[in-house]
Amino acid sequence: MERTKYLLDEKRMPESWYNVAPDLPFELAPPIAPDTREPVGPEAFEAIFPKGIIEQEVATERFVEIPEEVREIYALWRPTPLFRARRLEKALDTPAHIYYKYEGVSPTGSHKPNTAVPQAYYNRVAGVERLTTETGAGQWGSSLAFACQAMGLECTVYMVRVSYGQKPYRRIMMETFGAEVFPSPTDRTGAGRAVLEESPDSPGSLGIAISEAVEDAVTSGAKYSLGSVLNHVLMHQTVIGEEALEQLEMAGEYPDVVVGCAGGGSNFGGVAFPFLRDNLTTDRNTRLIAVEPSSCPTLTKGRFTYDFGDAAGMTPMMKMYTLGHSFVPPGIHAGGLRYHGDSPILSALVNEGLVEARAYPQNATFAAGLEFAKAEGIIPAPEVTHAIKAVRDLAVEAREAGERKTILFNLCGHGYFDMAAYERYLAGDLKDLEHPEEEIERAIARIP
Ligand SMILES: *Cc1c(COP(=O)(O)O)cnc(C)c1O
């Protein structure tokens, strides 16, 4: 049996992003100022984001039109294919139908350009000349580097030090697209210098790198760009789920379960929110499952409370699941999932029971990733193996229960720049690190 491929014609690329906010059956807690504890208005973000992005962050319309110029660049790789994983189904001997949306065909091999391109576009429209950002594994930095050159902007990237060492090819990719890249913590910013003073060997974290990139932007007149977490980012990613809805219709199917890995929640929100819309507005009742690493268990073990988005406490505070902004996750290979917080929308959905969350240790996820690679011929990014492990467990449950479930997951990036991680897994070198409860307590106690 072949893997079945569902392709959409270029003309069928979505014309709008889906904004889930107005459909939510609860009030989203607004961002607040740390000193006054009062809600901050959109103007709090003016120092770091252009007007077009701030408008989208607080948008109240359900559909937001995708600008023509953004659609033209999207057309380099969109619509992306949807595959039915027939060979994986066979390997698992499951009656479940497993589908995956493949975002690895993008210019940088992940879903990140879906938001990098519109963010660079709205900055250029606002007359901005340089963007700063942080990157973990390098997927976001390379995507913003690509988007900036497509829109004629300069790009500065603070790359989490542990990934800078582990993933030189991502750095070279950013430089190839014309960006400048620094290993974070650096001595270029006050935030970086403060961390280096306390721990000179710090492996860095997304939170620290965010502080550096924000500080660089606000002190130099550049703007800052975030690859996940915020409402506008999740909205840009909904092109994934909108296409998947149409492609599953071509296949004559509708999913019982939608699965995605979650670091800051953007690829998960992107694939899941169009299905959540059906849950909220029709009698559909699709299970939506976000999967994270046990070593950075934000949604499964964090607290749902106000915290900073960055390590230095420079951003407004957002209500979200958090492990505490001072928490530095261990240097696991799924670098994109090493973030102390999560999207406020996704966090609220988990808190309300509208989205499920689960966590797995990395050896189990790599085992599932290898099984997938052998069956389907695509090596998934280490982040994605978390989703694949959940899909595998669901498919095995379906076999044991004799149920014909339809499962969709987002294969949000390939792992061809992550071979060092696979090498270590194959050598039996990967450690499974649980995140100790006392450490969570300690980091939570440091939230003002
Ligand atoms: C960035 C990234 C993630 C984590 O970010 P989300 O916002 O949670 O999607 C996961 N997988 C890949 C391949 C990534 O590049």
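Structure summary
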| read-out | value |
| --- | --- |
| Cβ-based exposure ranking for T300, T94, T281, in which fewest neighbours within 10 Å come first | T281, T300, T94 |
| Computed over the chain: relative contact order in percent, which uses C-alpha pairs under 8 Å that are six or more apart | 19 percent |
| Footprinting exposure proxy for S202, S220, S266 (fewest neighbouring C-beta atoms within 10 Å first) | S220, S202, S266 |
| Summed side-chain charge close to A150 - residues other than A150 whose Cβ falls under 10 Å, Lys, Arg +1, Asp, Glu -1 | -1 |
| Extension gain from Y169 to E154, taking 0.36 nm per residue of separation minus the Cα-Cα distance | 3.4 nm |
| Sequence-separation-based contact order of region 145-242, relative, with Cα cut under 8 Å and 6+ spacing, percent | 24 percent |
| Orphan Cys of the chain, criterion: no other Cys C-beta under 4.7 Å | C261, C296, C412 |
| Likely footprinting exposure, I210, I54, fewest C-beta neighbours within 10 Å first | I54, I210 |
| Count of Lys pairs (Cα-Cα under 20 Å; at least 8 positions apart or interchain) in the chain | 23 |
| Computed E for L280/D93 - FRET, C-beta separation, R0 41 angstrom, nearest 0.05 | 0.70 |
| Computed lengthening from L7 to F26, 0.36 nm per intervening residue step minus Cα-Cα distance | 3.2 nm |
| For C155, residues with placed amide H under 5 Å, excluding near neighbours | L131, E180 |
| Selected from E65, E371, E134 as most flexible by GNM, with the chain as the system and alpha-carbon contacts under 10 Å | E65 |
| Estimated distance in nm for a label pair at K51 and L196, the labels positioned 7 Å out from Cα along Cα-to-Cβ | 3.9 nm |
| Karplus-derived HN-Hα couplings along region 153-168 (A = 6.51, B = -1.76, C = 1.60, θ = phi - 60°), whole Hz, x at Gly and Pro | 10, 7, 9, 10, 10, 9, 9, 3, 4, 4, 6, 4, x, 6, 10, x |
| Tensor-based shape of region 247-368 (alpha-carbon gyration tensor, a/c under 1.5 rounded, otherwise prolate or oblate) | oblate |
| Theoretical gain in end-to-end length, E15 to E72 [0.36 nm per residue, Cα-Cα removed] | 19.4 nm |
| Near-label residues of region 136-164 by backbone N, under 13 Å of a point 7 Å along Cα→Cβ of S220 | 154-159 |
| Spacing of the two label points (7 Å from each Cα toward its C-beta) at A401 and E129, in nm | 5.9 nm |
| Average Cα contact separation per residue, region 1-109, under 8 Å, 6 or more apart, as relative contact order % | 37 percent |
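Every read-out reported here was derived from the displayed coordinates using simple, explicitly stated rules and does not represent laboratory data. On a predicted model such as this, the values are computed, not experimentally measured, just so you know. Neighbour counts are summed over all protein chains in view; Cβ atoms, including those assigned to glycine, are modelled from backbone coordinates with ideal geometry.
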